[in-house]
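Working notes, structure below.
The values are calculated or read from the model by the stated rules, or taken from the named source; none is laboratory data. This structure is a prediction, so every number in the text was calculated from the model and none was measured. Because the Cβ atoms are built from the backbone with ideal geometry, glycine has one as well, and the counts that use them run over all protein chains shown.
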Amino acid sequence: MLRKNAEAIVIQRGWLSRTSEAFKVRLLENAELLKFDTGHVIFAKGDKAGGIYGLVSGTLGIMAAPPYSTPRLIDIAVSGDWIGEDSFISGKPRRIELVAQNETWLLHVPLEKMEQMAELDPDNMRAFGVMSILGADSMLRLVHDLQKKSASARIASALHRICWATHIPVAVSQESLSVITTTSRKQVNAIIKRFVEEGWVETGYRSITVLNPEALKHHADEDMAD
């Protein structure tokens, strides 16, 4: 992965795309480009406070749980997503866990670099705070999607949420999809087969490619209209 390509990807969508040009330049100057293999734990719940990670390519599993509970997969992060600002804001240990679902490239900004940026310019602190707002928005959508009554609507919502662009495979197994949509693997298998027949998605080895996001969204929204 070339550094210039990595930077081009993360400024196109997600949190960094909403920041000023000056902030983008300063943040990327402080970022390290890192590669992780499948199954690598980027950080775990309870780890000491650290910096943020921006996903360039690959897929990350987001694991979370209330205090004193075992983290479970709750969502999938895709290119352009940034995660880990909670330690910077609170100064406390990590509250979630990130696991590479396949070969993954990340841009990492260490905690001390973030603190230096915040001290240099108060507007930088505000820019970092926007990450938490976007994270809260994502959690609101996640809860909203899980409130849908039909399994097919929940699965359509999840695919629309995590497949940020058409014709780009996202590494997500049917087992993971069943967990984040609270459905059985048997249901997932049958519903994905139907979506393939409709021409909405294609499947590969432990991956799904969305072909028609509008159709998925329309199908998911029908559940809320009932």
Of all residues in segment 15-61, count the ones that are hydroxyl-bearing (Ser, Thr, Tyr), over 19 Å from Arg94 (Cβ atoms) and without any contact (Cβ under 8 Å) to a residue 60 or more places away in the chain.
1
Selected residue (only one of Met114, Met131 is assigned to a helix (DSSP H, G or I) and modelled with pLDDT under 95)
Met131
Cβ-Cβ distance below 9 Å, separation of 6 or more or different chains: which pairs start in segment 115-127 with a residue that is within 19 Å of Gly84 (Cα to Cα) and free of Cβ contacts under 8 Å to residues at least 24 places away in the same chain and end on one that is among the charged types (D, E, K, R) and assigned to a helix (DSSP H, G or I)?
Met125/Glu119
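Can you pull out every residue in segment 172-211 that is assigned to a loop (DSSP other than H, G, I, E, B) and within 21 Å of Leu146 (Cα to Cα)?
Val172, Ser173, Thr181, Thr182, Thr183, Ser184, Trp200, listed by residue number.
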Counting just the residues of segment 95-111 that are at pLDDT 95 or above and in contact with a helix residue (DSSP H, G or I) (Cβ under 7 Å, 6 or more places away or on another chain), which one comes out surrounded by the fewest Cβ atoms within 10 Å (Cβ to Cβ)?
Leu111
Out of (1) out of contact with any strand residue (DSSP E or B) (no Cβ under 6 Å at 6 or more places or on another chain); (2) surrounded by 16 or more Cβ atoms within 10 Å (Cβ to Cβ); (3) among the aliphatic types (A, V, I, L, M), the one Ile208 does not meet is (1)
